[in-house]
1. Relative contact order of segment 124-170, please, whole-number percent, based on alpha carbon pairs below 8 angstrom and at least 6 residues apart.
2. Once fully extended, how much extra length lies between residue 239 and residue 136, figured as 0.36 nm per residue of separation less the alpha-carbon to alpha-carbon distance?
3. Please state the shape class of segment 169-269: rounded when a/c is under 1.5, otherwise prolate if a/b exceeds b/c and oblate if not, all from the C-alpha gyration tensor.
4. Do you know the relative contact order of segment 177-268, to the nearest whole percent, from alpha carbon pairs under 8 angstrom that are 6+ apart?
5. Using alpha-carbon positions, what is the distance between the centroids of segment 208-269 and segment 125-174, in Å?
6. For the peptides 27-38, 244-255, what is the packing order when you average, over each peptide's residues, the other Cβ atoms within 10 Å and list the highest mean first?
């Protein structure tokens with residue numbers, strides 16, 4: 001009795017529905033599509049969870065739909081031979097169209113992938129100060145295709161993610177401290193040791209000039225019109241610009257107050 005039931009079941013599965021397609025083929029197609037659907041759902045859940053704090057909700061949903069469509073399209077292409085569908089002509093036409101579209105969308109795909117890599121690696125984040133090529137400013141927004149930089153003079157610059165990902169990125173504020181340098185020229189008739197002492201005193205009195213790493217002040221070179229004193233100063237990255245501008249002016253005023261002048265044609269004559 002049992003062998004007869006098994007034999008009947010196999011015959012039912014092998015029953016031809018249409019044009020050589022059997023019930024077993026339909027079950028296989030259904031299983032493949034179901035598995036693809038579950039895989040797409042799992043990937044979508046993982047993307048939403050991992051990118052929740054890195055991307056805007058609308059951009060996450062657009063990415064999820066794209067990945068979902070790719071997974072399901074792959075599954076559909078896989079099951080068409082099982083159903084006996086001949087896609088040769090369609091694939092040839094699609095291949096030609098795909099090549100044309102591929103060349104046209106090469107940059108788009110490259111920017112998309114670069115955006116995903118940037119999200120995963122996170123070399124920069126919104127609010128960071130960065131320098132990319134000849135563009136310097138604050139990261140205002142990071143999208144799938146591009147990154148928006150707000151320059152120091154208030155301009156908004158869109159940088160394709162491919163350019164950002166393949167370029168050297170300088171983040172001047174990543175470290176808590178940042179150094180700046182001056183080169184101050186004094187006349188030969190002035191006392192270089194006195195000038196160095198004055199510069200060191202001005203630096204020590206400034207509240208944001210760091211003691212560690214310590215500042216350095218020294219004579220670097222001797223020129224035709226005077227001596228070059230190099231000054232290395234460290235300051236907190238958040239105060240770097242203000243400290244650099246403030247100290248230079250204070251050093252100039254204090255040197256002149258003590259009779260030490262920067263050489264010019266007038267005072268060298």
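1. The normalised contact order for segment 124-170 reaches 31 percent.
2. Between residue 239 and residue 136, full extension yields an extra 35.4 nm.
3. Prolate is the answer for segment 169-269, as a/c is 1.5 or above and a/b outweighs b/c.
4. Answer for segment 177-268 is 41 percent.
5. Cα centroid of segment 208-269 versus Cα centroid of segment 125-174: 32 Å apart.
6. 244-255, 27-38
Computed from the coordinates by the stated procedures, all read-outs in this text should not be read as laboratory data. Keep in mind the model is a prediction, meaning the values are calculated, not measured. With ideal geometry, Cβ positions are generated from the backbone for all residues, glycine too; neighbour counts draw on all protein chains shown.
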